[in-house]
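The values are calculated or read from the model by the stated rules, or taken from the named source; none is laboratory data. Quick caveat: nothing in here was measured; it's all calculated off a predicted structure. Reconstructed Cβ throughout: ideal geometry from the backbone, glycine too, with neighbour counts over all protein chains shown. Only protein heavy atoms, including side chains, enter the accessible area calculation; ligands, DNA and RNA are left aside. Shrake-Rupley method; radii C 1.70, N 1.55, O 1.52, S 1.80 Å.
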Amino acid sequence: MKGKWSVVAVIVVASLVLGACSMFRKSSEMTFFVTSVGSGKGADLGGLAGADQHCQGLAKAVGGDDHIWHAYLSTGGPSGENARDRIGKGPWKNAKGVTIAKSVDDLHSDHNNLNKQTALTEKGTMVNGRTDKPNMHDMLTGSQPDGRAFPAGTDTTCHNWTTSGVGSAVVGHHDRQGLRDDAPSKSWNSSHPSRASKAGDPGCSQAALIGTGGNGLYYCFAVN
């Protein structure tokens, strides 16, 4: 009897090891995800460096730290960056191994495969969309539809992702749904700017982002 239970124990341990290896392999293949949590401070992400670090930390927690991760965010000013220029060349796959886009141009075309079912978190879970409660489909991007920063003159990045106070950030809809049947409503990266809440919370605050259907989440892409 003792020998029988020893065999069973070995089988169980082997199954756990194989399962862990499989999970690690899947995480290593993942090159795109939506953050499962934001900074908790609205659009204040600690700048691009803080946003990238958050992507890296979330990926590391699921075994995906063999990649260099960057947030899909644009910034303005003399040293501004375009989101499309900081995410590598692709292709990108989600936590389930489904290809989101084959290249930067493909990602910013009408043929990409980014939607509610594929824009998964690093844990492989779906993010609430417009038809869910609470709605969390607004993704911070600060970008135009082509993935480039907006011209100078208007704050579209909450002061380059450094404030949860007065300002505004352009967001996209990961579920490709909005109030209208038009291109902005269906855009994954450039739907509308954030705005102050009815209660008076400033446009870059966590409360304001929640009020318009978001939660301070954003996209992360593996550069390598």
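When the helices in the chain are scored as -39500 (n - 2.57) per DSSP H run of 4 or longer and the sum is shared across all residues, what 222 nm value do you end up with, to the nearest 500 deg cm²/dmol?
The per-residue figure over the chain is -8000 deg cm²/dmol.
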How far, in degrees from 0 to 90, does helix 2-29 lean away from the longest principal axis of the Cα atoms of the chain, to the nearest 10?
-> 30 degrees
Which order do the peptides 50-59, 97-106, 134-143 take when ranked by the mean count of other beta-carbon atoms within 10 Å per residue, highest first?
-> 134-143, 50-59, 97-106
Report, to the nearest 10°, how far helix 47-61 tilts away from the longest principal axis of the Cα atoms in the chain, using its own Cα long axis and a range of 0 to 90°.
-> 20 degrees
Accessible-area order (highest first, 1.4 angstrom probe) of the listed residues 198, 123, 41 = 198, 123, 41
For Cα Rg over 2.2 N^0.38 Å, several values are listed as (1) 1.05; (2) 1.01; (3) 1.12; flag the one computed from this structure.
-> (3)
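Leaving ligands, DNA and RNA out of it, report the carbon-plus-sulfur percent of the accessible area of the chain at a 1.4 Å probe. Please report the intermediate quantities before stating the final value.
Values: 6460 of 11080 Å².
On the chain, the fraction of accessible area on carbon and sulfur atoms equals 58 percent.
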Rounded to whole angstrom, the alpha-carbon centroid of region 151-178 lies from that of region 64-116 at a distance of 18 Å
Kindly sort 74, 197 by accessible area of their heavy atoms, largest first, with the probe set to 1.4 Å.
-> 197, 74
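How long is the gain from residue 53 to residue 183 if the chain were fully straight, where each residue apart is worth 0.36 nm and the alpha carbon distance is subtracted? All intermediate terms of the calculation are to be shown ahead of the outcome.
On the way: separation 130, 0.36 × 130 = 46.80 nm, distance 3.17 nm.
Stretched fully, the residue 53-residue 183 segment lengthens by 43.6 nm.
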Mind jotting down the three principal axis lengths of region 114-219 based on Cα atoms? Whole angstrom, largest first.
-> 35, 31, 29
At 7 Å along the Cα-to-beta-carbon direction for both residue 117 and residue 96, put a label point, then send me their distance in nm to one decimal.
-> 0.8 nm
For the chain, with the dipole built from +1 on Lys and Arg beta-carbon atoms and -1 on Asp and Glu ones, taken about the Cα centre, which of 194, 207, 142 lies farthest toward the positive end?
-> 207
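So with the 1.4 Å probe, I'd like the accessible area per residue for the chain, rounded to whole Å².
On the way: 11080 Å² over 224 residues.
Using a 1.4 Å probe on heavy atoms only, each residue of the chain averages 49 Å².
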